Each structure stands twice: as structure tokens, then as C-alpha cells.
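The values are calculated or read from the model by the stated rules, or taken from the named source; none is laboratory data. Everything numeric in this text was worked out from a predicted model, so none of it was measured. Positions of Cβ are backbone-derived with ideal geometry, glycine not excepted, and every protein chain shown enters the neighbour counts. We work out accessible area using only protein heavy atoms, side chains counted, and drop any ligands, DNA or RNA first. Shrake-Rupley method; radii C 1.70, N 1.55, O 1.52, S 1.80 Å.
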Amino acid sequence: MNILTHLHLAEISKTHLGANLAGNFITAPIENAPRALRQGLWLNHEINQLCATHELTQELMDHFPKQLYSIAADLMFVSFDHYLAFYWEEYHHLPLPEFSQKAYAELAQYAAKADEYHPQPYLNIIADMRREDWLNHYACAKGIQQALAQRAKGHPQSALFNGADKILAKMQIETETAFRTFYPQLMAYTRIWSRKTPSEYLPE
């Protein structure tokens, strides 16, 4: 999943926001991570695995043009962040601007340290995210373009992202339907996982 969705799932499962998103950047073993980060890293893995294998996400990726299949997951996740922001009041009790400031503050605390469990590429994204206020922009077209540009950075097929916002606009019915169907299930799974986290991953 992308940035806003990971932060939202961390919040509703009452787990570490920084760690839930850091799992996309960390390759070191979870078992060796600081205890406070382990549950979030583990949840990140479970969330990503479900998103990669669920029949609804698989069906949605099959709708993308064949020449874009290698970035279909990226496009899907950007669209999911967009619809989460657009329908935010249905999924969280705090207004999005208030949640965003809370998230930025927690991420800044996480970013105060740099090591293999606080990787610099992720810390750079945290700084950019707060400075440019990504979370509040996901609901608009400019935010989609910004998210796609971020995804394209360093991607081996970055040229495929050119004009991808227009593809997402054409696929609004498919992407919005998939999000509205799949995301409530993902929220439920995340809450269950947070209660059934293996003991070795729980905070002290």
C-alpha cells in the first residue's frame, strides 16, 4: 500500500505509524529491530502480502493497459490513497488536516534516529512529505500527480509513469469500486492482526 493508507491502518490498529510505513524500506530482520518497531514492521508485511494476493486487487491490476502492467500495483496504490483522502470522513474520526499534523509529528519523532531500522531514503521521504504536505493533497488531482512523480523516482521504468494520471482518470469506476470494496476488509484484517500479533513482535 502507499503512504496514507499505511498511516491510516497504523492509526486504527493503534500501532507505530513510523514503523508501519518503514516496512516498505527496511530489509533487515524484524526480530533484530527495536522492540517498539517490531509490531508495525510485522503488520506492514502482512498488509502488503494481502494487497499483493487478494482477488480484488489482482482483478483491478488486470484492468490496467498491458504495457503498464509492471507499474499497475504502483498506480493502484496511488489511486487507493486518493480515494482514502477523498472519502476520509467515512474512515476516520479526525479531519484529514488534523490527522496529517498528528502523523507528521509522530514521523518526525521516528526520523530523529538514523540506522538500518531508520533508513535514510525513508527519512528523506518523511521530510519531503511534511514540507509539501502530501497527506492533505492526495484528494486532489495535483496530489495524484505528485504521488506518481514520487513513485517514478528511481523506478527502472520511470517513463511509464508519464501520463499515468490520465489512465487513472479513465479507470475511475474500476479503481474506486475496488477501493470501496477492498479497503473495509483490509481495515478489519489489520485490527485482527494487531490483536493476534505473535508475542515476539509485541512492544514491551
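Note that region 25-98 presents 48 Å² accessible area per residue, ligands and nucleic acids not counted, probe 1.4 Å. Surface composition of the chain: carbon plus sulfur atoms contribute 54% of the solvent-accessible area (1.4 Å probe, protein chains only, all chains present). Can you compute the modelled spin-label distance between Lys142 and His54, with each label point 7 Å from Cα toward Cβ, in nm? With each label placed 7 Å out from Cα toward Cβ, I get 3.1 nm. Comparing Met76, Met171, Met187 in a Gaussian network model of the chain, where Cα atoms under 10 Å apart are tied by springs, the biggest mean-square fluctuation is seen for Met171. Structure remark: mean-square fluctuation, Gaussian network model of the chain, C-alpha springs under 10 Å; the largest value among Leu41, Leu50, Leu75 belongs to Leu50. Size estimate for the chain follows the Kirkwood approach: the inverse of mean 1/r over distinct Cα pairs works out to 17.3 Å. How big is the shadow of the Cα convex hull of region 90-204, averaged over all directions, in nm²? Across all orientations, region 90-204 yields a mean hull projection of 9.8 nm².
Would you compute the Debye intensity of region 112-156 from its alpha-carbon atoms alone, equal scatterers and no solvent, and pass along log10 I(q)/I(0) at q = 0.24, 0.33, 0.34 Å⁻¹ to two decimals? Treating every Cα as an identical point scatterer, log10 I(q)/I(0) equals -0.89, -1.12, -1.14. Here the relative contact order of region 67-195, from alpha carbon pairs under 8 Å that lie six or more residues apart, stands at 33 percent. Given a 1.4 Å probe and the protein chains as shown, Glu116 ends up with an accessible area of around 120 Å². The average projected area of region 1-87, computed from the convex hull of its Cα atoms over all directions, is 6.1 nm².
Between Leu94, Leu68, Leu60, the Gaussian network model of the chain with springs among Cα atoms under 10 angstrom shows the greatest mean-square fluctuation at Leu94.
Listed cross-link partners Lys14/Lys166; Lys66/Lys142; Lys142/Lys170 are compared with a 27 Å cut-off, the Cα-Cα value being larger for Lys14/Lys166.
Can you give the FRET efficiency to the nearest 0.05 for Ser158 and Lys14, using r as the Cβ-Cβ distance and R₀ = 25 Å? Given R0 = 25 Å and the Cβ-Cβ separation, E is 0.10.
Shape annotation for region 81-144: C-alpha extents along the principal axes are 36, 24, 17 Å, from largest to smallest. Take the Cα of His92, step 7 Å toward its Cβ, do the same at Lys170, and the gap between the two points is 3.2 nm.
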